[in-house]
Every structure is written in C-alpha cells, then in structure tokens.
Amino acid sequence: MYLVEAKPADPQAANGDTIDGAAPTVGPGGKWAHFPNSHISHHGAPCCDIAHEWLIAFDFAQLNGGDVLSGPRWMREHSSWGPTPWPIHWCEAVDAKTVDCGVHAALAHEAFTARGVTAFRAQFIQRYSADAAASWRENWAKERVSDHWIDGDAIYHEGNAVLVGADAVKLWDGSAGWWINPRGAGGYGSLAAVRIEADADAFAEGLRWGERRIMPNRWVAV
C-alpha cells in the first residue's frame, strides 16, 4: 500500500470526479478519495535492473506458453501477503518473502505489460470485519508498518485491471491470487468500490467489467 512511493493523484479525481456515496472513505473528503497507487523504487543501479529482468523472465517461464491473460498466481506463492515497509526497491521487492498488495499489484503490472497485455493499475475498497481489522492492525504494528489502509471494517487494497476486449476488463487481485468475480455478493471480503487508472480519453464511455461501466480515474461504487 502507498506510503511515499507513488505518482500524484489523477487531476480529474482531484477536481471532484470521485463519485459521492461510493463509500465513506472514497467520497468527497474521504480518507482514500485521492489515494495514488503504489510504485516500486529503483536504486538507479544494476541491482534493480537485474531484479526487474528476473521478474519478467521468471513470469515467462511460469507462463510456459500458456494464455497471456492468465493471472500470475506464482507471485502469491513466491511472496505471501503481509506488512511491507515503504519505500521498497526492485531488488528488495522480488526477493521479499512477504509483501503487501501494493507490491503485488506493481509486480503483476510489469508482468502483464511485458506479455504484451494492456493493463491498468486498480484500487479497491473491500468490506471485512472489526475482528479482522484488529488482527491486521496488530500484525502491522509488530512490524512497525503503517496501518493507514484500514478504516473501521473497510480496507484499501490494490490490484490490476486487464483489457480483454475493446473496452472490457478483468480485475486481478494479486494478493489473493484470483480474478475478482463481477457478480460477487456482499459480505465479508466483498468489493465496495473500485477505481481504475486509465486514459480517460481512450475510454470516454468507461471500461466494462461484467455488467458495470467503470469510468476511468474515478471511484465507482459496486
């Protein structure tokens, strides 16, 4: 999750394009209304170049001639989900055995792009429980890592959107290692809102996810 290594929030979002009522944390003035995606740093040295090249080569090896639109589930097996101190560099990210969703999403984006797939960074708000939130806060505190991504029983999460048609996308949750079901029901772990970082001019009518239209760079209630 984002702490300091991120691009500026999209200007459209900053001008009030977030959808009122999408969720308390992403509506106007909400905690995550203009939260930018996480981005891995580069030391400007061979260590990070080699790490990035390893990521792409290993992903191709794991793909083994399969469908380029398949999810890179090996990343979840390589690095489990958990607290990550930020900033983090490429040479650290590919070597870590535990990473948060921001790292998983950044790694997956590089893999999809290297495969020749059009992919976008995506942000989610998910519903959990007070007990789960308390447990996560405790775990993050033990590692002296910020728990800014938790707010009550809602959490901020990062993933990817992959173009699978002219304007259709699938949403990938790298930390869970699965595609999010657009027909998913409410309840524990359900999706409350989504934001896809994409070219607003290229997708002026939005991106189609299941039966929904997701306008780029805006939080949309699910």
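The values are calculated or read from the model by the stated rules, or taken from the named source; none is laboratory data. Since the model is a prediction, treat every value here as computed from it, not as a measurement. Backbone-built Cβ (ideal geometry, glycine too); neighbour counts: all protein chains shown. Surface accessibility is based on the protein's heavy atoms, side chains included, excluding ligands, DNA and RNA. Shrake-Rupley method; radii C 1.70, N 1.55, O 1.52, S 1.80 Å.
Test Asp95 against the stated conditions and say whether it is acidic (Asp, Glu), at pLDDT 95 or above, open to solvent by 10 Å² or more (accessible area, probe 1.4 Å) and touching a helix residue (DSSP H, G or I) at 6+ places or on another chain (Cβ under 8 Å). Spelling it out, Asp95 is indeed acidic (Asp, Glu), at pLDDT 95 or above, open to solvent by 10 Å² or more (accessible area, probe 1.4 Å) and touching a helix residue (DSSP H, G or I) at 6+ places or on another chain (Cβ under 8 Å). Just one of the listed residues (Gly184, Gly189) is at pLDDT below 95, at positive phi, more than 12 Å from the chain's Cα centre (by Cα) and not polar (S, T, N, Q), and it is Gly189. Within the set of pairs 6 or more residues apart or between chains, which connect a residue that is β-branched (Val, Ile, Thr) inside region 95-112 to a residue that is at pLDDT 95 or above and open to solvent by less than 10 Å² (accessible area, probe 1.4 Å) with Cβ atoms less than 6 Å apart? Matching pairs, first to second residue: Thr98/Gly82; Val99/Ser79; Val99/Thr84; Val103/Thr84; Val103/Ala93.
Scan region 197-219 for residues that are over 20 Å from Val117 (Cα atoms) and assigned to a strand (DSSP E or B) and the total you get is 2.
Per-residue answers, yes or no, for (1) within 17 Å of the chain's Cα centre (by Cα); (2) under 21 Å from Ala200 (Cα atoms):
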site	(1), (2)
Thr98	yes, no
His109	yes, yes
Val117	yes, yes
Ala141	no, no
Asp147	yes, no
Ile155	yes, no
Gly159	yes, yes
Leu163	yes, yes
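Of the residues making up region 9-67, just one is assigned to a helix (DSSP H, G or I), within 25 Å of Phe112 (Cβ to Cβ), among the aliphatic types (A, V, I, L, M) and modelled with pLDDT under 95, namely Ala13.
Taking into account only those residues within region 68-92 that are within 13 Å of Ala51 (Cβ to Cβ) and in a helix (DSSP H, G or I), which is most open to solvent (accessible area, probe 1.4 Å)? The extreme case among them is Glu92.
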